[in-house]
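Here is the structure we will look at.
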Amino acid sequence: MKRMPPMSMMAARRLSLTPVAAVLCGLLAAQNAYAEDPEIAALKQQVQTMLARIQQLEARQSNVDAEVAAQQQRGPQSIPGRPAMMAERKAEKNAEMSNAPKVYGQLRLSIDNYSQDFGKGSGSTPGSGTTVSSNASRFGFTGSLPTSLPDTRMTYRAEVQYGAASNTNQDIGWREGYAGLTGPWGTFKLGRQDSAYKTTLTTIDPWNDNAPQSRGFGGIQGSSAIHAAYITNAMQYDTPSFGGLKGAAWYAVKTNGSTASQIDSGPLVNYLGGKGEGVGLKFNRGGWFAGADWIHIAADQVGSYNTTYKTNLSTGVTTASQTFVPNTKMHTGSGWQVAARYQQDAWSVAAFYEDVKTLGLGRNAYVNGTYQFGLFKLIAAYGQNRNATQFFNRAIDTWSIGTKYALTKDSELIAAWVNRHEDAYSTTPARTYQIFTIGINAKFGY
């Protein structure tokens with residue numbers, strides 16, 4: 001049997017009462033003709049009582065119908081106790097979502113044209129010509145979970161970089177991988193991670209992981225390669241914010257005799273074994289950001305190991321031997337940096353200075369300015385590298401200009417031109433390298 005809608009049932013109840021009232025009224029009218037009969041008089045009294053009761057029921061039913069109609073118009077939250085129940089369910093759902101790991105990633109792809117001065121490329125160094133590049137494309141997951149410790153959550157991240165445009169299934173590398181605890185007292189993490197030194201520069205550079213970035217090509221476009229690397233076997237503590245001011249301290253250490261690199265990118269892979277450490281301060285409030293950092297590297301060795309293989313022709317057994325090749329252009333020691341940015345409405349300006357000459361990575365400076373109009377952001381930048389023994393003490397100057405066009409909150413189209421001039425050294429003449437890049441930074445899960 002088909003179920004009757006609630007409003008139809010109410011109407012049916014009203015209709016069922018009205019005919020009864022009509023019949024009773026008819027009986028009452030007929031009784032008036034025999035008013036002198038005592039039995040008729042008694043029946044008349046009963047009919048009047050029934051009519052009064054019917055009127056009361058009809059009035060009550062009308063009130064119920066009106067309340068139901070008003071409740072349907074207001075929605076389910078008007079039901080007594082429903083708002084609290086819905087709020088509780090929403091809180092439970094939010095808690096479940098906050099505990100669930102977040103999957104995220106970036107596909108950073110571009111068409112890059114390199115000028116003739118790039119010549120013939122080797123390894124990861126591009127040659128002249130045009131190609132489709134993957135610019136640190138990545139995926140990973142991150143999150144936090146409540147713990148048995150009061151006001152403390154467990155935090156974690158695992159991230160992988162892959163060559164989204166390459167033709168090899170071996171173009172893959174590990175990025176951040178850490179776990180730790182976080183609470184009102186700050187955050188403490190163990191693993192492979194960004195150092196506080198690195199994130200000062202990446203906060204002010206709008207071209208991170210694209211061709212114009214200041215840390216590009218091993219750290220020769222305005223900042224050193226320290227900003228392109230992760231610290232390994234490391235621990236780091238970040239303080240909570242005090243009115244926009246935060247501090248950080250990190251320490252990376254290898255066991256005795258280790259020949260693994262402390263920092264994993266560019267020329268910094270030459271720092272083998274030993275330890276590295278650093279402290280920093282950051283201020284971020286309103287339109288202002290400022291950072292200052294100190295770093296110290298005390299590697300056991302500075303250089304690399306070459307592996308050679310030799311096969312015994314009589315036995316067919318192949319043996320491997322390693323030879324250490326020192327890097328005399330890089331050294332252990334300390335360095336420091338400062339950076340600042342001011343942003344107001346549609347424009348921003350930023351500046352950076354770094355002194356890591358003791359390490360062999362020179363004195364570096366970088367400035368940029370941005371202007372936002374509609375979905376477009378114009379970006380102009382200049383970087384300078386000086387006195388780096390790792391790069392033969394060349395004077396290197398890099399200019400770039402470009403734009404970003406917002407596709408979503410996090411994704412964008414990019415187009416930029418880069419001009420880098422390097423002085424002559426030894427028998428190598430001065431060269432000017434130019435790059436034109438156009439592409440897409442597609443981000444998800446952020």
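The values are calculated or read from the model by the stated rules, or taken from the named source; none is laboratory data. All values reported here derive from a predicted model rather than from experimental measurement. Cβ: placed from backbone, ideal geometry, glycine included. Neighbour counts: every protein chain shown.
Within region 184-202, track down each residue that is assigned to a loop (DSSP other than H, G, I, E, B) and under 26 Å from Tyr366 (Cβ atoms). Give the steps one after another, and end with the answer.
Step one: list which residues in region 184-202 are assigned to a loop (DSSP other than H, G, I, E, B), which gives 184-185, 194-195.
Correct list: Asp194, Ser195.
Of these, Ala365, Ala415, Ala351, which one is of a type in the set (Gly, Ala, Ser), farther than 19 Å from Thr203 by Cβ and either in the same structural domain as Tyr114 (by TED's automatic domain parsing) or not in a loop (DSSP other than H, G, I, E, B) (or both)?
Step by step, each of Ala365, Ala415, Ala351 is checked, and only Ala415 is of a type in the set (Gly, Ala, Ser), farther than 19 Å from Thr203 by Cβ and either in the same structural domain as Tyr114 (by TED's automatic domain parsing) or not in a loop (DSSP other than H, G, I, E, B) (or both).
For the condition in the same structural domain as Asp209 (by TED's automatic domain parsing), under 26 Å from Ala415 (Cα atoms), surrounded by fewer than 12 Cβ atoms within 10 Å (Cβ to Cβ) and not hydrophobic (A, V, I, L, M, F, W, C), what is the one hit in Ser122, Ser128, Ser134?
Ser122
Considering each residue of region 404-446, count those that are over 19 Å from the mean Cα position of the chain (by Cα) and small (Gly, Ala, Ser), and give that number.
Going through region 404-446 one residue at a time, the tally reaches 6.
Determine which single condition Ala340 fails, assuming it passes every other condition in (1) at pLDDT below 95; (2) closer than 21 Å to Asp293 by Cβ.
(1)
Could you check how many residues of region 391-402 are surrounded by fewer than 17 Cβ atoms within 10 Å (Cβ to Cβ) and either of a type outside the set (A, V, I, L, M, F, W, C) or over 15 Å from Arg420 (Cα atoms) (or both)?
Matching residues across region 391-402 total 2.
Residues being farther than 13 Å from Gly140 by Cβ, among the β-branched types (Val, Ile, Thr) and over 17 Å from the mean Cα position of the chain (by Cα): count how many of those fall in region 155-186.
Of the residues in that region, 2 qualify.
Any idea which of (1) under 22 Å from the mean Cα position of the chain (by Cα); (2) closer than 19 Å to Gly335 by Cα; (3) buried (at least 24 other Cβ atoms within 10 Å of the Cβ); (4) modelled with pLDDT of 95 or more is the one Asp205 doesn't satisfy?
(2)
Based on this model, can you work out whether Ile401 counts as in a strand (DSSP E or B), more than 27 Å from the chain's Cα centre (by Cα) and closer than 25 Å to Phe118 by Cα?
So Ile401 fails the test.
Restricting to region 245-259, name every residue that is out of contact with any Asp or Glu (no Cβ under 6 Å at 6 or more places or on another chain) and under 13 Å from Ala234 (Cα atoms). Don't jump to the end; show me each part of the working.
In the first step, residues of region 245-259 are kept if they are out of contact with any Asp or Glu (no Cβ under 6 Å at 6 or more places or on another chain); the result is 245-247, 249-250, 252-259.
Across region 245-259, the qualifying residues are Ala249, Trp250, Ala252, Val253, Lys254, Thr255.
Considering region 338-356 alone, what residues qualify as being on the phi < 0 side of the Ramachandran plot and of a type outside the set (Gly, Ala, Ser)?
Keep residues of region 338-356 that are on the phi < 0 side of the Ramachandran plot, which gives 338-344, 346-356.
Result: Val338, Arg341, Tyr342, Gln343, Gln344, Trp347, Val349, Phe352, Tyr353, Glu354, Asp355, Val356.
Please specify each residue of region 236-286 satisfying the condition of being assigned to a strand (DSSP E or B), farther than 24 Å from Leu361 by Cβ and not acidic (Asp, Glu).
Within region 236-286, Tyr237, Phe242, Leu245, Lys246, Gly247, Phe283, Asn284, Arg285 qualify.
Of the conditions (1) closer than 17 Å to Ser265 by Cβ; (2) surrounded by fewer than 17 Cβ atoms within 10 Å (Cβ to Cβ); (3) modelled with pLDDT of 95 or more, Trp185 satisfies every one except a single condition; which number is it?
Condition not satisfied by Trp185: (1).
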